[in-house]
1. Stretch ASP162-ASN85 to full length: gain in nm at 0.36 nm per residue minus the Cα-Cα span?
2. Which entries of LYS137/LYS177; LYS96/LYS128; LYS96/LYS142 show an alpha-carbon separation above 22 angstrom in the structure shown?
3. How large is ³J(HN,Hα), in whole Hz, for each residue of the range 115-125 in order, when computed from phi with the Karplus curve 6.51 cos²θ - 1.76 cosθ + 1.60 and θ = phi - 60°, using x for Gly and Pro?
4. Treat each spin label as a single point 7 Å out from the Cα along the C-beta direction, and report the GLU124 to SER145 distance in nm.
5. Rank-order 130-137, 171-178, 112-119 by packing density, defined as the average count of other C-beta atoms within 10 Å over each peptide's residues, highest first.
6. Name the residue from GLY139, GLY151, THR167 whose Cα lies farthest towards the positive end of the charge dipole of the range 127-169, charges +1 on Cβ of Lys and Arg and -1 on Cβ of Asp and Glu.
7. Å³ per residue of the Cα convex hull, for the range 91-181?
8. Would you mind checking which residues have amide H under 5 Å from PHE157's amide H? H placed 1.01 Å from N; only 5 or more apart, or other chain.
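Quick note: the coordinates plus some simple rules give every number you see, no bench work behind them. Bear in mind the structure is a predicted one, so any value in this text is a computation, not a measurement. Cβ coordinates were reconstructed from backbone atoms using ideal geometry, including for glycine residues, and neighbour counts include every protein chain displayed.
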Amino acid sequence: MGLFSKILGGGESADKAEKAAIDMLKGFVNDAKKVADEAKNAVQQNSANSSAPASAPQQAPAPSYDEPSGFSWGSVMPDEENQFNFPGPWHKYFEKVISEEFPQYQLDTQLLNGGRRAVITLSEGGTKAIVELLSEKSGARKLRSDCASQGIPYTRFYYDHDGWWNTRSYVIYRVRKALGQ
């Protein structure tokens, strides 16, 4: 009898609940791996198709995706720039990456909830996109819902999710995806 069965008091329904919970966790892991694979492929394809002028800043080499870490997640900190090896506050890391990678956008950052949440608005020629930075403990969904109803590109990052590094290439990938690039 497993942990969930013990918690739920045993029996057939407890065993089914335990199996369902395990299947759900496996689904989360598989979904994370799919996102990681998509991001890895996008970064590699972008690097291969890059036609940036010689004066453009050089991007870091593609990170290794070997176990136990993946694309921006895992138990070992990647060598790639990420929010945890950045010498400043978490919101400044995201501002730096976004401003360097998307210089055509004007950034406006608002710190909310006593500095526990940040909203970065990217603006260009009358259009805008939103990047929300929040704790994984937050249940906030209003901004995401409002953006969806208004057709505003949106993405979010959790700055305190255990084992999630928010590597530079992952942040770029997610923002590009939100912008439709």
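1. 26.3 nm
2. Check vs 22 Å cut-off fails for LYS137/LYS177; LYS96/LYS142.
3. 3J(HN,Hα) across the range 115-125, in whole Hz: x, 8, 8, 9, 10, 9, 9, 9, 10, 7, x.
4. Calculated label separation equals 3.0 nm.
5. Most protected by this proxy first, the peptides run 171-178, 130-137, 112-119.
6. After comparing all options, I get GLY151.
7. Values: hull volume 8.5 nm³, N = 91.
It is 94 Å³ per residue.
8. GLU132, LEU133, LEU134
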